Amino acid sequence: NFDQKQFAFMAGHDPYYYNGTAFTNAATGANNLYNTNLSYPQGGMAVNILNRLVVAGIPGKETEIHISAQDSFEDWRTNTSSGTTPNQTDGAIIDVKNQFTSKDVIKGLAVLEGDKLVVFGQNETLVYLADTNINLWEIARDFRVPIGLFGRNTAVNVGTDVFFCSRFGIHSLKRAASGLTLETKTFTREVEDLYQEMVRLTPSFTDQYMN
């Protein structure tokens, strides 16, 4: 949901939005603005954080996060200033490749507490501290979760927490008295065995689409 519109994203395709009356191709807007040689991000996932549209899962750019300008889903320019520092309302492109401790790609996005962007890899989870000033965005360097996301649709907001599924179980990201922490939901042995069996039997992307 962004600007009172419901957006639908599919990797490799133009996103559409529904305004309550009709569906519109977001990439064909007359007011769209981009950097040279770029176009509307065709990602497979998106979230709204601090009234910016954040898109990831773009084919060929699997470690990049594309962030719109403040209060806009049409403006994707990353530096409209005449200097070396972008204007605070500009958009941005962040490549998280070097933030992952192993070779990984973005598998999902979520928003925690309204101002923290959760970036799920397959094997690891990162958190960015967002700000209305794009120049003040920063990664939470003292917070690394060595658990990734199993299925992009398995991350959901529950109250003030973010619950997600990994290959090992169901987890929640939440704030504790000492700051951010990862809490692992405890299963009985029977449920844990069933969960692991369901993970094992889930078809991979290759099984579903490449054969």
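The values are calculated or read from the model by the stated rules, or taken from the named source; none is laboratory data. Computed from a predicted model, the values in this text were never measured in an experiment. For neighbour counting, all protein chains shown are included, and Cβ atoms are generated from backbone atoms with ideal geometry for every residue, glycine included. With ligands, DNA and RNA removed, areas are computed over all heavy atoms of the protein, side chains included. Shrake-Rupley method; radii C 1.70, N 1.55, O 1.52, S 1.80 Å.
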### Query
Can you name every residue in the stretch 104-127 that is open to solvent by less than 20 Å² (accessible area, probe 1.4 Å) and among the polar types (S, T, N, Q)?
125
### Summary
With the first residue restricted to the stretch 2-27 and required to be part of a helix (DSSP H, G or I) and at pLDDT 95 or above, and the second required to be surrounded by 14 or more Cβ atoms within 10 Å (Cβ to Cβ) and among the charged types (D, E, K, R), Cβ contacts under 7 Å at 6 or more apart or on different chains are 26/14; 27/14
### Task
Report yes if some residue within the stretch 16-30 is open to solvent by less than 60 Å² (accessible area, probe 1.4 Å), in contact with an Asp or Glu (Cβ under 6 Å, 6 or more places away or on another chain) and among the small types (Gly, Ala, Ser); otherwise report no.
yes
### Task
Check residue 132 against each of (1) at pLDDT below 90; (2) among the hydroxyl-bearing types (Ser, Thr, Tyr); (3) out of contact with any His (no Cβ under 8 Å at 6 or more places or on another chain); (4) open to solvent by 70 Å² or more (accessible area, probe 1.4 Å) and name the one condition it does not meet.
(1)
### Message
Against the condition under 16 Å from residue 34 (Cβ atoms) and assigned to a loop (DSSP other than H, G, I, E, B), how does residue 123 come out, does it pass?
### Response
no
### Summary
Within the stretch 80-103, of all residues that are crowded, with 17+ Cβ neighbours inside 10 Å and touching a Lys or Arg at 6+ places or on another chain (Cβ under 8 Å), the one farthest from residue 121 (Cα to Cα) is 90
## Note on the structure
Considering residues that are more than 14 Å from the chain's Cα centre (by Cα), within 14 Å of residue 111 (Cα to Cα) and in a loop (DSSP other than H, G, I, E, B), the number found within the stretch 149-172 is 2
### Message
Where the second residue is assigned to a helix (DSSP H, G or I) and the first is of a type in the set (A, V, I, L, M, F, W, C) and lies in the stretch 134-151, which pairs have Cβ atoms under 9 Å and are six or more apart or on separate chains?
### Response
150/199
